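Just below is one structure, and these are the notes that go with it.
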Amino acid sequence: MDKIIYLFEALSVANLGLAFVGVLAGIVIGALPGLSATMAVAVLVPFTFTMNPASGLIVLGAIYTGAIYGGSYSAILVNAPGTPSAIATTFDGFPMAKRGDGALAVSLATLASVIGGLVGALLLMFLAPPLATVALAFGPPEYFWLAVFGLTLISALSVGNLLKGLIGACFGLLLSMIGVAVIGADVRFTFGSQTLIGGIDIVAGLIGLYCIPVLIDLVATKDPHLKVASDSSGFRLAESFGILMRQKFNALRSAVIGTVVGILPGAGGSVASLVSYSEARRSAKNPENYGKGEPGGIIATEAANNATVGGGFIPTLVLGIPGTPPDAVILGALLVQGIKIGPQLFTSQGSIVYTFIFGLLIGTLLMLPIGLVVGRYAYKSIISIPKAALVPTIAFLTVIGSFAIHNNLHDSAVMLGLGVIGWFLNRAGFTPSPIVLGLVLGQIAEQGFVQAYLIGNAQQNVLGQFFGRPISLAIAAFAILTLFYPLIAKAIGARRARKSDVDQTVESRKADV
Amino acid sequence: MRIGTLLSTVVFAIGVTSGIASAQDYPSKPINYIIPFNAGGESDVAARFQQPFLEEVTGQSIVVQYISGAGGAQAWSQLNGMEGDGYTMMGSNLPHIILQPMAQDVGYTTDDITNVYFFQYTPDALLVPAGSDFQTLEDFVAYAKENPGSVTISGSATNSANHVATTKLNELADIQTTYIPFSGTSPSMTALLGGQVQGSFSYSTAALNQGEEIRVLAVAAEERLPSLPDTPTFKELGYDMVGGAYRGIAVPSSTPEEIRTQLSDLIGEVNANPEFVKKMEDAGFVVISIPYSEMPAFMEEREQQYQSVAETMGIETSSN
């Protein structure tokens, strides 16, 4: 345990202070829709050039973790994911907040995020080199199947209205194709408009499709934004712990999924939380509650997205290949600091790397007290601010947030346009989630498919690319299982019912008559 | 970044009230440096290397910002709408600004971009995994000749420097390889390390980062790179291939001639600083100096280079 010495380095007063400020700043930035983790890290990078590399990394890692966690606040309280990683947190978070369990949802998200973050960081510390090979085992066909797996979640999300869910997803896939294609560089579906040439940014799409309809509804109806719980006192921490203990397997599984997906460059927190949400729902005893305010859903997504932080650093530090977009910014920062990145980093710069990992662990732990206090404050202010002030504030943030993506008004225009479309679609019974899933996963699926096809074509074995690789087949099998799970569950249920005693059958026959 | 923007706006407001700045005292306020790509890429890293040196020679702060999208086209199509007072400059990249408008309407033309300086390039480098059977470029070419079409080469994006390099090598060596575009240098490298493709065209910077995990068969530079002294150039091996991604600085077309020259001189001053050159070379960049006065000749030469491969890449189709 020679690594312990680096713990004391990370525990210096200056580094602790940096981690504290970093987590706090990250939470606030992440909570604001549109200001994503990547942006938070990019803004802070120049300031770290004056620090020593380990301290600089600690503050960047703390901001990154904080921002990923902070995204859950707006997802839960306003139904608008603060970062793409928090998309799936809206599924159950907002319904919980609506029925008055907002404080509980925030506490759960905090606990789950801390667990996810710890699992990710510990795996980074102890298993980074072997886990990095996961990044290399994933080729284009695997990304294609992973995206397809994510898309199968639509069948679960749109129970009772599969057709509308599928139409929504197709709309999302269509949106993902707008702009200059990565492969082929064709300009598609822009109708000659300069606004659309950069494509639909995922963050702009998120803000538009989730935030704007909520805002319009807030203005159009008299209901208060959230129902205020009768006893809105406290964090409901004991209750959260209880739920977490019952869901500990879910939390751990989601954290591991999050770490592994985080390792994959090009997948990221949104895919991680969607995949673990889908797995949590599939293996739950009460899958029908998911999407209606089930605490297990929040635990799954929040544990997963914070685990991607540690996971993403695995290929970043071991291979010199950024696992997630914020990692790319951090790698660039290291390069400017004059540190040689790449496979030699772990051995040649061990002190920096391990001090940083301990810093990440400390930052994650600090998230618990900071998160609970900030979360409670955020919840209190959201429920106590009158609608007349809340709506303009959020509206202002949506425009600022979408502008800030690329310092570009085009994204604000896209955001508003999609917002209005989203509101009409909502009224017609189309929920935003399938559309957003299509938008997020469409590009991953398309690139994976075309690359796999090109490689297969060159090797004259296209089918082998898609169906001849073990990891691909395993993911495809999971996808099929998830897709047909409602039917399979029904069939199993029916068989069980048949096996059970005759009385029931008789009764049901009576009911038939 | 946002604080920086705010700060520069405030400073700008003060600048306006205190009288119009003239070319004599240029620069007299912070300069915005817009990178048309995401933070963390080669363009950003090079700009961050320049930043402190530029601040030293100008005596002003340099505010780095990002407007990314459509492979840079998002920013370049807005360049001429920005204020041409010398306080807004934008990263400019080759072959992007030549090949993008050549292929289709992307909202700007090559002539719309007023380049004042090209200060560095990252030569294309042909890489194979360390465990590959290809020990030399000759092995690679010989195998590709025997198996036309079956050798896969990954690279970053379509119509990019990597794409040009693959096409050019095919032409010069009379081989046929399959180019597989990825969404950036990192995914392309991941595909190579994971054995999804047999070779990869990347830049000297990326090749350097990967160290012993990969073998660099050749670099497309005039001379061997100080950071990769054992790697031959394509020229040495008989393939007349020099190229890569060239990075420079452009200004809005409304910028006065005088200021264009002044800015070019300032960037040139940074380029002449041995400390800057050392930092850049250690990271795998090759520092070049093409000032504003030599721009027309340089651009013409590059345009001819790209024109010759554009047809093979399938670009000419959109012009008819």
Please work out which residue is farthest from the other protein chains (Cβ to nearest Cβ), limiting yourself to the range B:28-42 and to residues that are within 29 Å of A:D201 (Cβ to Cβ) and at pLDDT 90 or above.
-> B:I31
Given the conditions (1) under 25 Å from A:P434 (Cα atoms); (2) within 11 Å of chain B (Cβ to nearest Cβ), report the number of the one that A:A272 does not fulfil.
-> (2)
Helices (runs of 4 or more DSSP H) contained entirely in the range A:279-380, each with at least 3 residues that are in contact with a Gly (Cβ under 9 Å, 6 or more places away or on another chain) and buried (at least 19 other Cβ atoms within 10 Å of the Cβ) | A:295-318, A:325-336
Scanning for something out of contact with any Lys or Arg (no Cβ under 6 Å at 6 or more places or on another chain), within 14 Å of another protein chain (Cβ to nearest Cβ), under 25 Å from B:S293 (Cβ atoms) and part of a loop (DSSP other than H, G, I, E, B), does the range B:56-69 turn up at least one residue?
-> no
Of the numbered conditions (1) surrounded by 15 or more Cβ atoms within 10 Å (Cβ to Cβ); (2) in contact with a helix residue (DSSP H, G or I) (Cβ under 8 Å, 6 or more places away or on another chain); (3) polar (S, T, N, Q), B:T233 satisfies every one except a single condition; which is it?
-> (2)
Among the residues of the range A:108-120, is any at pLDDT below 90, touching a Leu at 6+ places or on another chain (Cβ under 9 Å) and closer than 22 Å to A:A300 by Cβ?
-> no
Consider A:T324 carefully, then state whether it is away from chain B (no Cβ under 12 Å) and either among the acidic types (D, E) or touching a residue at least 60 places away in the same chain (Cβ under 8 Å) (or both).
-> no
Taking the range A:17-40 only, how many residues are under 23 Å from A:G323 (Cβ atoms) and over 17 Å from the mean Cα position of the chain (by Cα)?
-> 5
Check the range B:132-152 and report whether any residue there is at the interface with chain A (Cβ under 9 Å from one of its Cβ atoms) and polar (S, T, N, Q).
-> yes
Among the listed residues B:S204, B:S186, which satisfies the condition of being over 19 Å from A:G456 (Cβ atoms), at pLDDT 90 or above and within 14 Å of chain A (Cβ to nearest Cβ)?
-> B:S204
Please go through the range A:177-204 and pick out each residue that is within 7 Å of chain B (Cβ to nearest Cβ), within 28 Å of the chain's Cα centre (by Cα) and not in a loop (DSSP other than H, G, I, E, B).
-> A:G179, A:V180
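The values are calculated or read from the model by the stated rules, or taken from the named source; none is laboratory data. Nothing here was measured: the structure is a model prediction, and the numbers come from that model. As a convention, Cβ positions derive from the backbone with ideal geometry for all residues, glycine included, and neighbour counts pool all protein chains shown.
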